[in-house]
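This report concerns only the one structure given below.
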Amino acid sequence: MYRYKKLMIVLSIDESDAPLIKYAGLVSRMAKSNEICFIHVSRSFDIPEEIKKVYPEISFPVDEAARKQMKESVEKHFNGYDKSILKYEAVEGPELKNLVTYAKDYDADLMIVGHCMNMTASCSFLSERLARKAPCSVLMIPPIVRPKLRRLVVATDFSDNALNALDVGSAFGKAAEIDSIDVINTYRVPEGYYKTGKTHEEFAAVMRKNAEERLEKMTSSVDLQGLKVNPKFRLKNDVVKGIQEFADELDADLIVVGARGRSGEIAAILLGSVTEGLIRNLTRPLIAVKKKGDGLNIIDALYSE
């Protein structure tokens, strides 16, 4: 967990912050993080003058009040690495733009953000967009989650970024002192299988064998930190649902998935759609793994939707 020395925790300054702060504590203990920045972004800190006249007690700087509220919440819920330096930032302006910019300037290794169950809520869209555009990995926490890590699932399609996900999953597993990690490959038979002269079942068997060989090759090229890999292969047309069902069966505490695959391959398209599908239907903590510095060009990230 050496890679997560600088954490960035996105707070809303409401009751939804408690699970994030508690999970940040867990991650900081596992990673022995050097710094943790708790950040809140508000579109505007301005208070109309007529409101100030009615409530003079709120005339002091609102950004200072936001930092004070964050600190109080952290003191109540945070149980992290005792040597971590804690910082508090209150930023004014567009949320996505400011978070991406700050993550880059702060040189964050991991961003932790809340995720609403209702996809009409802004925080759900925020977590998805951050997973696309942040220059670091993003850990998304749904509400009412206890900070624990006993069972971990890595979803793989054998792409380069899935290799990174397996590497990160192994590091998390080692830091959490668990004995093994579960790796799932959900595959589907292509529509043109009949052109090979094989039945659907025969071609599915070919794909299963290929997946087993690729996973064996993949695990041999990653430092598994001494952990055992529990492989699982699932034939299912809905890849996202297949991964979710597997995680539910195990009662997994964390899903690890690559944020992107290799460009120019069908796998890259599937990996992008699968990752986004998992985020949109998130019910368990999920980390979208990115190589530090990956993401869109910073200008594109700031100004695109």
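Extension gain, V222-N210: 0.36 nm per intervening residue step, less the Cα-Cα distance, totals 2.4 nm.
From least to most packed, judged by other beta carbons within 10 angstrom and beginning with the fewest, H115, H40 follow the order H40, H115. When only the Cβ of Lys, Arg, Asp and Glu is charged (+1, +1, -1, -1), the dipole of segment 152-284 relative to its Cα centre reaches about 400 debye. About the centre of its Cα atoms, segment 61-212 shows a dipole size close to 260 debye [charges on the beta carbon of Lys, Arg (+1) and Asp, Glu (-1) only; nearest 20 debye].
Between I144 and K97, the modelled labels are 3.7 nm apart [label points 7 Å from Cα along Cα→Cβ]. Exposure proxy ranking for T101, T283, based on other Cβ atoms within 10 angstrom of each Cβ and starting from the fewest, stands as T283, T101.
The GluC sites (Glu not before Pro) of segment 162-234 that meet both conditions, a loop assignment by DSSP and at most 16 other Cβ atoms within 10 Å of the site Cβ, are E177. With 18 Å as the limit on Cα-Cα distance, the pairs of K68/K104; K5/K290; K22/K76; K87/K290 that go past it are K68/K104; K87/K290. Among Y106, Y193, the order by Cβ neighbours within 10 angstrom, fewest to most, reads Y193, Y106. What the Cβ-Cβ distance of R280 and E64 gives, at R0 = 41 Å and to the nearest 0.05, is a FRET efficiency of 0.70. Taking every lysine pair in segment 152-284 that is 8 or more places apart or spans two chains, those with Cα atoms closer than 20 Å amount to 10.
Put a dot 7 Å past the Cα of L235, heading toward its Cβ, do the same for T199, and the two dots end up 1.0 nm apart.
The label point for E15 and the one for D251, both projected 7 Å from the Cα toward the Cβ, are 2.5 nm apart.
Values quoted throughout were computed directly from the atomic coordinates according to the rules given, and no laboratory measurement underlies them. Quantities reported herein were computed from a predicted structural model and do not represent experimental measurements. Backbone-built Cβ (ideal geometry, glycine too); neighbour counts: all protein chains shown.
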